[in-house]
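Participant: Can you read through this structure? Questions will come right after.
Each reported figure results from applying straightforward, stated rules to the coordinates on display, with no laboratory input. Nothing here was measured: the structure is a model prediction, and the numbers come from that model. For neighbour counting, all protein chains shown are included, and Cβ atoms are generated from backbone atoms with ideal geometry for every residue, glycine included.
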Amino acid sequence: MMFISLPTQAKTYSIANTPEIEPSIEFNLDGQATNQRLCFYEDKAYSLGAIIAIDGVKLECVVENSIETNGRLMWKKLASSMSKKG
């Protein structure tokens, strides 16, 4: 059995003209990473009991399920005192 050796050429690549990439770090503190329960609105975090007003409607950050001591939070519409007729 005879083996024949043929010349081979590997493809070459150049990185001379590639732009340099700056390393970056992005922090996402969504409450789970910080072990906190939070409500979110417009990319802002609010804690339990926070009240915000959106277009005249007041919302409060409350517990989602009253029987859980460490469950998720949610926005709940506050009852308006102006809704009563008198």
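Participant: Add +1 for every Lys or Arg and -1 for every Asp or Glu among the other residues with Cβ under 12 Å from the Cβ of VAL57, and state the total.
Facilitator: Surrounding charge for VAL57 is +1.
Participant: Right, here's the next one. For LYS76 paired with LYS11, estimate the spin-label separation in nm (one decimal), with each label point 7 Å from Cα along the Cα-to-Cβ line.
Facilitator: 6.3 nm
Participant: Relative contact order (percent) for the stretch 39-79, with alpha-carbon contacts under 8 angstrom and 6 or more residues of separation?
Facilitator: 33 percent
Participant: Could you rank the peptides 58-67, 42-51 by their average count of other C-beta atoms within 10 Å per residue, with the highest value first?
Facilitator: 58-67, 42-51
Participant: Something else now. How far apart, in nm, are the 7 Å Cα→Cβ label points at ILE52 and GLN36?
Facilitator: 1.4 nm
Participant: Local charge sum around LEU78 (other residues, Cβ-Cβ under 12 Å, Lys/Arg +1, Asp/Glu -1)?
Facilitator: Charge balance near LEU78 sits at +2.
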